[in-house]
Amino acid sequence: VYKRQLPAPAPSIETAAGTAAEAEGRLAALAAALALAAANRRDARVLAGLPAGWRNVRSQPRRTRFAEADVVYDPLPDTITVIGAGPDTVVLEHDGVRHTFEVARYDGDPKVYVDHAGGCAVLTPLPRLPEPVEHVAPGSLLAPMPGSVLRVEVAAGDRVAKGQAVLVLEAMKMEHRVTAPVAGVVSGVHVEKGRQVEAGAVLAIIQEEST
């Protein structure tokens, strides 16, 4: 029996356009990263003549993080060549095709706007070193206000019911009961009677019982 082999269907315009748009978007993010690096070198007050990202001994590729994309570059893939990279204009060659990107930033606006043949990409840079945040364990009971620990009603290992008093704070000459938000087991008590605490201090930790 002879079966004719039908050719594979050609991609639709929507599929082809979507693929091209995704590639253009990735190049736009790279252009934004290169433009930011060029702007940093332009505004540098020390060793401004060195290339952006220069290291005597390089151990890691360079990275620029945006809320919308994580750009890792330098070295670049063999298919991408940087023709020019300035704070306002970046020209890239991808698979033999040149792409020009106009990059803009505005006072008071943290976003980076990248105009290209396919439209405009808007990217939000993320800080290289985010502000440290204090880690609070799940189930932590936090002091609702500054005060003094008047009484501790539980100990580590005790079972508590939802709404049961865990300890009592004294603030502004008034007593404030701190209760268990869930039923569970007290896995730790971090204060003792007479202890002065600040608002937000961890008083105790309750491990919720699984149902």
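The values are calculated or read from the model by the stated rules, or taken from the named source; none is laboratory data. Only a predicted model underlies this, so the values are computations on that prediction, with no experimental measurement involved. FYI the Cβ positions are ideal-geometry reconstructions off the backbone, even for glycines, and counts take in every protein chain you see.
Assorted remarks:
To keep it simple, each residue is scored yes or no on (1) part of a loop (DSSP other than H, G, I, E, B); (2) of a type outside the set (Val, Ile, Thr); (3) modelled with pLDDT under 90.
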position	(1), (2), (3)
TRP54	yes, yes, yes
GLU68	yes, yes, yes
ASP78	yes, yes, yes
THR81	no, no, no
GLY84	no, yes, no
VAL91	no, no, no
ARG98	no, yes, no
LYS111	no, yes, no
ASP115	no, yes, no
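- So ALA165, is it hydrophobic (A, V, I, L, M, F, W, C), more than 30 Å from THR64 (Cα to Cα) and surrounded by 13 or more Cβ atoms within 10 Å (Cβ to Cβ): yes
- Residue within the stretch 186-193 that is in a loop (DSSP other than H, G, I, E, B), surrounded by fewer than 16 Cβ atoms within 10 Å (Cβ to Cβ) and in contact (Cβ under 8 Å) with a residue 24 or more places away in the chain present: yes
- Selection over the stretch 157-177 of residues that are modelled with pLDDT of 90 or more, outside any strand (DSSP E or B) and either in contact with a Pro (Cβ under 8 Å, 6 or more places away or on another chain) or of a type in the set (D, E, K, R) (or both) gives a count of 2.
- The stretch 75-110: number of residues that are surrounded by 15 or more Cβ atoms within 10 Å (Cβ to Cβ) and among the basic types (Lys, Arg): 1
- In this structure, VAL154 qualifies as modelled with pLDDT of 90 or more and either outside the structural domain of LEU34 (by TED's automatic domain parsing) or of a type outside the set (Ser, Thr, Tyr) (or both).
- A search for C-beta distances below 6 Å between a residue of the stretch 160-181 that is within 15 Å of PRO144 (Cα to Cα) and touching a residue at least 40 places away in the same chain (Cβ under 8 Å) and any residue that is surrounded by 15 or more Cβ atoms within 10 Å (Cβ to Cβ) and β-branched (Val, Ile, Thr), counting only pairs 6+ apart in sequence or on different chains, returns VAL166/VAL154; VAL166/VAL178.
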